[in-house]
Amino acid sequence: MKIGVICPSEVAFRRFMPALQLVHGIEFAGIGVCTKEERFMGQEVDLSIADSVLNNEYSKAKMFIDKYGGKIFNGYMDIVASNEIDALYIPLPPALHYNWAKIALESGKHVLVEKPSTLCARDSAKLIETASKKGLVVHENYMFAFHEQLNAIDKIIASGRIGDVRLYRISFGFPMRDAGDFRYSKILGGGALIDAGGYVLKYATHLLGETAQIKYAQMGYIDGYEVDMYGSGALVNDEGKTVQISFGMDNNYKCDLEVWGSTGCLTTGRVLTAPAGYVPSVTIRNGNSDKVVELPKDDTFKKSIEYFVKCISNDKERLYNYKTIIKQAEIVDNFRHMSEIK
């Protein structure tokens with residue numbers, strides 16, 4: 001199977017392409033660079049600025065071709081419609097996911113899309129409906145969910161080493177990025193909930209199970225920015241287990257899990273962002289005694305691509321993945337709506 005990439009993004013070059021080389025049954029066919037109309041969406045823009053942007057995108061695309069082979073497609077529509085492509089990886093800003101994923105599916109292509117699948121549950125459901133009718137895959141690239149450390153943490157908790165769980169806390173945030181970053185643009189689907197909050201909500205539902213419900217939600221804003229910049233909330237399941245969450249993109253870096261039990265406490269960092277080869281660990285405190293336990297290292301991008309390939313040939317897995325995507329979109333929608341209730 002041959003896969004193409006829409007847009008020579010940083011994450012595509014730094015993470016996707018190295019991982020792709022390790023996956024059997026799928027190969028890189030080429031990369032699409034945008035046309036002026038696709039990039040500026042009909043907006044009037046100075047010709048010199050437009051030329052500079054498009055030349056820069058072409059230069060980045062050439063880096064892909066020089067290192068990994070394949071060809072450059074002159075326009076996103078060209079690569080989507082190409083008979084040389086069986087599947088597409090879409091690492092565009094979130095607001096563009098729905099449109100290009102929909103076009104790709106309608107063109108008969110399987111879709112691996114960066115998180116979130118779309119900006120709302122309604123659009124995600126529409127993508128799934130289209131994919132289902134055509135027997136195609138849509139896979140949302142929340143890579144952390146494939147890391148073996150999550151299973152290892154689950155086993156430690158289940159073993160009773162910290163007693164009965166009284167509270168989970170998940171925190172994920174990072175410092176301010178460059179002013180031109182899409183995360184700060186409303187029209188491109190920016191905002192802390194979409195970018196960072198989706199991670200903590202997904203992990204919270206993993207910890208709490210099918211009955212997880214949001215009990216409170218708060219989103220914060222900063223003068224001079226048009227999107228939410230941080231937030232917090234809590235989820236509870238039918239057993240009364242609680243996960244407190246916090247997230248942000250104007251924060252000191254944090255990517256932590258704390259599990260507070262009746263006889264001990266488990267803490268860890270990099271639970272959502274462990275890179276390939278990184279050896280994570282947890283600290284288990286019982287009384288005044290701390291013990292550091294190493295967790296498995298893993299390659300989450302590679303495993304996410306492998307799961308994408310698996311869904312193509314496995315109907316049962318593909319249907320399960322549809323439900324996972326819709327569930328995630330609904331929980332993010334619910335958080336947003338609850339935070340807007342005054």
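The values are calculated or read from the model by the stated rules, or taken from the named source; none is laboratory data. If you're wondering where the values come from, they're calculated on a predicted model, not measured in any experiment. Neighbour counts run over all protein chains shown; Cβ positions are idealised from the backbone, glycine included. We work out accessible area using only protein heavy atoms, side chains counted, and drop any ligands, DNA or RNA first. Shrake-Rupley method; radii C 1.70, N 1.55, O 1.52, S 1.80 Å.
Annotations
- Taking the conditions (1) in contact with a helix residue (DSSP H, G or I) (Cβ under 6 Å, 6 or more places away or on another chain); (2) open to solvent by less than 10 Å² (accessible area, probe 1.4 Å); (3) within 30 Å of Leu207 (Cβ to Cβ); (4) not small (Gly, Ala, Ser) in turn, Val80 satisfies each one other than (3).
- Restricted to region 172-184, and to residues there that are open to solvent by 20 Å² or more (accessible area, probe 1.4 Å) and touching a residue at least 24 places away in the same chain (Cβ under 8 Å), the residue that is nearest to Val227 (Cα to Cα) is Arg183.
- Residue match in region 191-200 (condition: free of Cβ contacts under 8 Å to residues at least 12 places away in the same chain, open to solvent by 10 Å² or more (accessible area, probe 1.4 Å) and within 17 Å of the chain's Cα centre (by Cα)): no
- Just one of (1) modelled with pLDDT of 95 or more; (2) open to solvent by 20 Å² or more (accessible area, probe 1.4 Å); (3) among the hydrophobic types (A, V, I, L, M, F, W, C); (4) within 28 Å of His97 (Cβ to Cβ) fails for Ile245. It is (2).
- Elements of the type strands (runs of 3 or more DSSP E) sitting completely within region 167-283 and holding at least 2 residues that are more than 29 Å from Val293 (Cβ to Cβ): these cover 213-220, 230-236.
- Among residues of region 16-36 being farther than 21 Å from Ile312 by Cβ and in a loop (DSSP other than H, G, I, E, B), the one that is least open to solvent (accessible area, probe 1.4 Å) is Cys34.
- Any hit, region 118-138, residues being within 30 Å of Gly261 (Cα to Cα), open to solvent by less than 10 Å² (accessible area, probe 1.4 Å), assigned to a helix (DSSP H, G or I) and among the polar types (S, T, N, Q): no
- In region 95-108, residue nearest to His337 (Cα to Cα) [restricted to those that are open to solvent by 10 Å² or more (accessible area, probe 1.4 Å), in contact (Cβ under 8 Å) with a residue 12 or more places away in the chain and within 20 Å of the chain's Cα centre (by Cα)]: Ala95
- Selection status of Val271, crowded, with 20+ Cβ neighbours inside 10 Å and either over 21 Å from Leu208 (Cβ atoms) or over 15 Å from the mean Cα position of the chain (by Cα) (or both): no
- Failed item, numbered, when Glu340 is tested on (1) modelled with pLDDT of 95 or more; (2) over 14 Å from the mean Cα position of the chain (by Cα); (3) more than 19 Å from His206 (Cα to Cα): (1)
- Test: residue in region 51-59 that is out of contact with any Lys or Arg (no Cβ under 9 Å at 6 or more places or on another chain) and at pLDDT 90 or above: yes
- Scan of region 277-292 for residues that are at pLDDT 95 or above, of a type outside the set (S, T, N, Q) and either open to solvent by 50 Å² or more (accessible area, probe 1.4 Å) or more than 27 Å from Ala196 (Cβ to Cβ) (or both), ordered by number: Tyr278, Val279, Arg285, Asp290, Lys291, Val292
- So Asp86, is it at pLDDT 95 or above and surrounded by fewer than 17 Cβ atoms within 10 Å (Cβ to Cβ): no
- Whichever residue in region 293-302 is under 30 Å from Cys265 (Cβ atoms) and buried (at least 19 other Cβ atoms within 10 Å of the Cβ) and, among such residues, is farthest from the chain's Cα centre (by Cα): Leu295
- Residues in region 201-230 that are under 25 Å from Phe146 (Cα atoms), more than 17 Å from the chain's Cα centre (by Cα) and not hydrophobic (A, V, I, L, M, F, W, C) were compared, and the one that is least open to solvent (accessible area, probe 1.4 Å) is Gly209.
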